Amino acid sequence: MSTDKRPLIAGNWKMNGTGAALAEISRLRNLVADSGAARADILICPPATLLHRASETASGSAIAVGGQDCHAAASGAHTGDISAQMLTDAGATHVIVGHSERRTDHGETSADVRAKADVALGAGLIPVICVGETEAEREAGSANRVVADQFASSLPDYGDGTEIIIAYEPVWAIGTGKTPTIADIADMHAHIRQLLVERFGEAGAAARILYGGSVKPSNAEEILSVPNVDGALVGGASLKADDFFAIVAAS
């Protein structure tokens with residue numbers, strides 16, 4: 001973890017959870033309160049159906065809530081979609097954009113991701129912009145190029161870099177139990193840091209880069225100790241408060 005930044009531990013619940021899952025946020029809130037001052041910023045991104053209730057459950061605590069996606073338009077005839085302003089209205093402070101599952105399952109391009117990041121900023125949300133390579137791309141030796149291309153095309157058109165968070169998620173490590181080596185994580189995060197500094201200067205040096213890809217209590221401390229890893233984007237391990245809090249405590 002970078003020593004000059006407060007880490008962010010973000011939980012992406014994906015398409016999991018009904019009202020009963022709000023008990024996990026209550027449990028997490030109690031765990032954080034009992035531990036004293038939180039050692040990291042904490043973000044939970046539940047499904048949209050739970051967002052407002054999650055915000056109410058977390059109100060007054062150190063836990064922020066965010067959306068998992070937003071539409072690039074502010075409003076309009078987009079059945080089933082959710083605008084950035086709607087997320088803000090429901091209590092969100094952040095939104096994930098460009099997650100590999102959106103890029104793969106919904107064919108989202110980096111241009112789509114950039115448009116979503118733009119509208120998120122306009123609505124007062126902090127976009128968590130995801131980049132990452134597939135296993136085939138890594139094996140071909142093109143991981144750095146793929147991530148650089150996604151970075152260049154996915155970042156918003158305006159801003160100085162202080163309003164965004166980058167999440168590096170090797171696609172082949174998401175939900176598979178596989179993780180890159182610590183050296184691989186360090187190399188990619190250093191690469192992304194260089195890209196941030198080249199684009200934003202000092203603000204790029206201060207921007208947070210999260211690691212996402214099968215983060216769990218057993219490997220969190222080692223991963224979070226890597227230079228330029230400023231937190232984690234956690235999937236399955238964020239669904240249970242005790243597991244998620246163990247990752248927070250490891251930061």
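Below are the figures for this structure:
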{"quantity": "Stretch gain in nm, segment THR181-ASP81, where the contour uses 0.36 nm per residue and the Cα spacing is subtracted", "calculated": "32.3 nm"}
{"quantity": "The chain, relative contact order [Cα under 8 Å, separation at least 6], %", "calculated": "23 percent"}
{"quantity": "The chain: most fluctuating residue of ILE209, ILE96, ILE185 per GNM, C-alpha cutoff 10 Å", "calculated": "ILE185"}
{"quantity": "Cα gyration tensor category, rounded, prolate or oblate, for region 123-251 with a/c compared to 1.5", "calculated": "oblate"}
{"quantity": "Normalised per residue, the volume of the convex hull around the Cα set of the chain (Å³)", "calculated": "114 Å³"}
{"quantity": "Amide H partners (placed H, <5 Å) of GLY231, local residues excluded", "calculated": "LEU8, TYR211"}
{"quantity": "Cα-based shape type of region 1-40, given that a ≥ b ≥ c are square roots of the gyration tensor eigenvalues and the cut on a/c is 1.5", "calculated": "oblate"}
{"quantity": "Violating pairs (Cα-Cα greater than 20 angstrom) within the set LYS14/LYS240; LYS5/LYS178; LYS5/LYS116", "calculated": "LYS5/LYS178; LYS5/LYS116"}
{"quantity": "Virtual spin-label span in nm between ALA33 and GLU222, 7 Å along Cα→Cβ", "calculated": "3.6 nm"}
{"quantity": "Separation between Cα centres of region 13-31 and region 132-192, rounded to whole Å", "calculated": "28 Å"}
{"quantity": "Mean Kyte hydropathy of -1.0 or more with a Cα span along the axis of at least 30 Å, helices from DSSP in the chain", "calculated": "none"}
{"quantity": "5 Å binning of all Cα-Cα separations within region 199-245, expressed as whole percents from 0 upward", "calculated": "5, 21, 26, 20, 12, 9, 6, 2"}
{"quantity": "Computed label-point distance, nm, for sites ALA205 and SER153 using a 7 Å Cα→Cβ extension", "calculated": "3.1 nm"}
{"quantity": "Distant alpha-carbon pairs in region 79-196 (separation over 17 angstrom), percent", "calculated": "56 percent"}
{"quantity": "Estimated D of region 140-188 in µm² per second, where Rh is the Kirkwood radius over Cα pairs and Stokes-Einstein applies at 4 °C, 1.567 mPa s", "calculated": "102 µm²/s"}
{"quantity": "Share of alpha-carbon pairs per 5 Å distance bin for region 18-156, given as whole %", "calculated": "2, 10, 17, 18, 16, 14, 11, 8, 3, 0"}
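Laboratory data are not the source of any read-out in this text; all were calculated from the coordinates shown. Since this is a predicted model, take the numbers as computed values, not measurements. Cβ atoms come from the backbone with ideal geometry, glycine included; neighbour counts cover every protein chain shown.
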